[in-house]
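A short write-up of the structure that comes next.
Computed from the coordinates by the stated procedures, all read-outs in this text should not be read as laboratory data. Remember, it's a predicted structure, so these values are computed and weren't measured experimentally. Don't worry about glycine lacking a Cβ; one is built from the backbone with ideal geometry, like all the others, and counts go over all protein chains shown.
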Amino acid sequence: METLQQFIHYFPQALTVSNLAVLVLGTIVGLVLGALPGLSPTMAVALLVPFTFVMTPSTGLTLLGSVYVCAMAGGAISAILINVPGAPANIATLFDGYPMSKQGKSQTALNMCFISSLIGGLAGMVAMIFFTPPLAKIALKFGPSEMFWVAVVGVTCMAGLSTGSLIKGLFGGTFGLWLATIGYSPMLGEPRFIFSDTLAGGINMVAALIGLFALPQMLTLMEGIYEQKKFTEKLKPEKGILKKNIIEVLKMRKPLTIGSLIGIIIGIIPGAGGQVAGLIAYDQTKRFSKDQSKYGHGDPRGVVAAECANKAMAGPSLIPLLTLSIPGSPTAAVLLGGLLIHGLFPGPELFTEHADIVYIFMASLVLAQFSMFFFGILMARYSYGIMNLPKRYIIAGVVILSVFGSYSIQNNFNDIIICFGIGFVQYLFQKVGIKGGPVVLGLILGSIAEGNLLKAMLICQGTGESYWNYFGTGTINIILILISVFSIVYSLYSSVSSSRK
Amino acid sequence: MRIELIASIIFFIFSGVIFFVSGSYSPQAAVFPKALSVILGILAVIYFLQVMLKKVVPQNLAGYPLARIVAFLVALTLYFVCLYYLGFYTASFAYYLVLTLGLSRDKLNKKEILINFCSASVFIGILYFLFSGLLKVQIPSGFLI
């Protein structure tokens, strides 16, 4: 109840003119960038992080939060209209969304998508508001060994669950951990891996985030620059169709319940993300349905379940982020970057020392669900114009914004070189199947892992306790080790079972 | 299969370089990077074995537009050079115009050039208003703007 009281107490502060203006801006930018095939929500948030430097922390986080919520919703527009998911989270949406569009029910599919997104998104927010502060209190009991294992859990979960190959995922995560060691050691002040003056200041997180998510996508767009699906149909909404669709969606209790619950559970697991949530929710809704034959041929229940699930995971994916610094998805990892540059460090203190900022952020995420619904339905009518934008304009625009974003962090030209250097390495990594999610998580968790490892070693040396005893005993340590082992074993099991099939 | 094989060898060499370089640091500063290099080395060996045992799905690079990607990277490098000497707005305008004209599928004619010129002007104009007018943030400066 205390959490709810705090939330209600700070809610009016999210309604200031500047916050609302930024919320609307973030909604529109998120929907547009999400609707553009080839641009991911992660990249959208990463590109906007530098814009928050000139804002107060709460306003800046409102901008990032609204883009985070809305970019995924925008991705459903291209999935439904042109059979190209705007983000991996929208893959399950196109199974029935596109067939609906081909049957001339584009408007219905889009309306149902945004209505179920609103319901799923709000369910996820409720879970986030109620579960985050109590979990943050548990984090108070964490010492150096527990925090070290938390970092290990983050990397192994992301590596195991978010990529096709465990080995490649672990390689990406470990590479990210190594990137975090470049520059002067924060605990010892010793320079490490500074092969050139450009690296003297270490790897700036925001520059790396922009590079990891923007440049590889632009190079991939370049590869298929002349392959673009055109959408020519102009949507003319029927009178009263929205009201009719709202009633229809509210009657679909099973897809809504399954979608929301799966989204919330998947959201809390680091690394699983909206893609997994959407696909599992779609599959389970189909399994629990009496007439499964309609799925895949334009059944609105498929759209509702998938969209409800991928929005429901957005809020809970912030629970491990705000309490333990473990992002639930790559986009949440970029949001963590946004928190850190404003001097906000996840953990219990965040809810005591910066309660105003955190609860305004949560309130803005709730408001973003409504603005996503309102502007989503409004913008869907004009989405053909956005989706038909030639790729060359997108590439030129994103490259220029990436240059601005990486430079403006410290007004340093070296950050531009780091941004594009890491981006190019990530592009090469993608060619052998190593994705950006584990790399960015390793980069973020690297300093936590190393700092706590060194602290723990000093404690052991001081007390004479063995490393094995310090790291390997205690309930929390054992639980974290088991989670880490389980994520690896589960990933191995699923890859072996899928190769047998 | 070749690209995966080359990648696994590069990854192994990379892990060896980290291990070797870490040796020059103090024991405390070296412990974490050394541990990472060992993990990277083990993962590279497993990856190599997976490739050799054909447990890895080979990446299909047939029809890869190498010339286009190289041209893009060259244009990007030139953009950085211009950025340093000319300044953000001038270099970005030139980069936007060159890239959009260069990647245009249609034959270059006056209309096409005018459309792209207007598009570049509007885009850079919006950025100027946003960065220098509204947000007042510092941007890379040269002898032009």
Hey, which aspartates and glutamates would be in cross-link range of A:LYS102, C-alpha to C-alpha under 14 Å, not counting anything within fewer than 8 residues on its own chain?
A:GLU233, A:ASP299
Using the count of nearby Cβ atoms within 10 Å as a rough guide to exposure, how do A:TRP468, A:TRP178 rank from fewest to most?
A:TRP468, A:TRP178
Per the helix-only model, chain A has a calculated mean residue ellipticity at 222 nm (DSSP H runs of ≥4, -39500 (n - 2.57) each, divided over all residues, rounded to the nearest 500) of -24000 deg cm²/dmol
Note the full-extension length gain between B:ILE46 and B:LEU78 as 0.36 nm times their separation in residues minus their Cα-Cα distance, in nm to one decimal.
7.5 nm
Taking the Cα centre of the protein assembly as shown as origin, work out the dipole magnitude from +1 charges on Lys and Arg Cβ and -1 charges on Asp and Glu Cβ, in debye rounded to 20.
2160 debye
First measure r as the distance between the Cβ atoms of A:ASP283 and A:LEU250, then evaluate 1/(1 + (r/R0)^6) with R0 = 25 Å and state the FRET efficiency to the nearest 0.05.
0.60
Taking a ≥ b ≥ c as the square roots of the eigenvalues of the Cα gyration tensor, with a/c under 1.5 meaning rounded and otherwise prolate when a/b exceeds b/c and oblate if not, region A:253-354 is prolate
Kindly express, to the nearest 10 degrees and within the range 0 to 90, the angle between helix B:27-52's C-alpha long axis and the longest C-alpha principal axis of chain B.
90 degrees
For chain B, what is the charge dipole size about the Cα centre, in debye to the nearest 20, if Lys and Arg each add +1 at the Cβ and Asp and Glu each add -1 at the Cβ?
260 debye
Taking a ≥ b ≥ c as the square roots of the Cα gyration tensor eigenvalues, with a/c under 1.5 meaning rounded and otherwise prolate when a/b beats b/c, else oblate, which class fits chain B?
oblate
Over 24 Å between alpha carbons, listed pairs A:LYS239/A:LYS286; A:LYS311/A:LYS435; A:LYS105/A:LYS239:
A:LYS239/A:LYS286
Taking the dipole about the Cα centre of the protein assembly as shown, with the C-beta of Lys and Arg at +1 and of Asp and Glu at -1, give me whichever of A:MET222, A:ALA380, A:VAL17 is farthest to the positive side.
A:ALA380
Helix-only [θ] at 222 nm, chain B, -39500 (n - 2.57) per DSSP H run of 4+, per residue, nearest 500, equals -24000 deg cm²/dmol
With an 8 Å Cα cut-off and a minimum separation of 6 or more residues, compute the relative contact order for region A:106-252 in percent.
26 percent
Arranged by the count of other C-beta atoms within 10 angstrom, fewest first, what order do A:LYS105, A:LYS290, A:LYS168 take?
A:LYS290, A:LYS105, A:LYS168
Would you work out which of A:PHE148, A:ALA314, B:PHE88 lies farthest towards the positive end of the dipole of the protein assembly as shown? Charges go on Cβ: Lys and Arg +1, Asp and Glu -1.
A:ALA314
Just want the ordering: B:ILE139, A:ILE194, from fewest to most Cβ atoms lying within 10 Å of their own Cβ.
A:ILE194, B:ILE139
Determine, from the Cβ-Cβ distance of B:ILE113 and A:LYS102 and an R0 of 35 Å, the FRET efficiency 1/(1 + (r/R0)^6), rounded to the nearest 0.05.
0.35
So, R0 is 30 Å and r is the distance between the beta-carbons of A:GLU353 and A:ILE459; what FRET efficiency does that work out to, to 0.05?
0.75
Any chance you could run the full-extension gain for A:PHE53 through A:LEU20? It's 0.36 nm times the residue separation minus the Cα-Cα distance, nm to one decimal.
10.1 nm
Determine the distance separating the Cα centre of region A:52-127 from the Cα centre of region B:122-142; give it in Å without decimals.
30 Å
The Cα extents of region A:1-141 along the principal axes, largest first and rounded to whole Å, are 51, 34, 30
For region A:360-479, the charge dipole (Cβ of Lys, Arg +1; Cβ of Asp, Glu -1; about the Cα centre) points to a positive end, and the Cα of A:ILE476, A:ILE444, A:ILE395 closest to that extreme belongs to A:ILE395
Please report Rg (one decimal) and Dmax (integer) in Å for the Cα set of chain A.
22.1, 77
So what is the relative contact order for chain A, in percent, with contacts set as C-alpha pairs under 8 Å and at least six apart?
29 percent
Between A:ARG381 and A:SER495, 0.36 nm times their residue separation minus their Cα-Cα distance comes to what?
36.9 nm
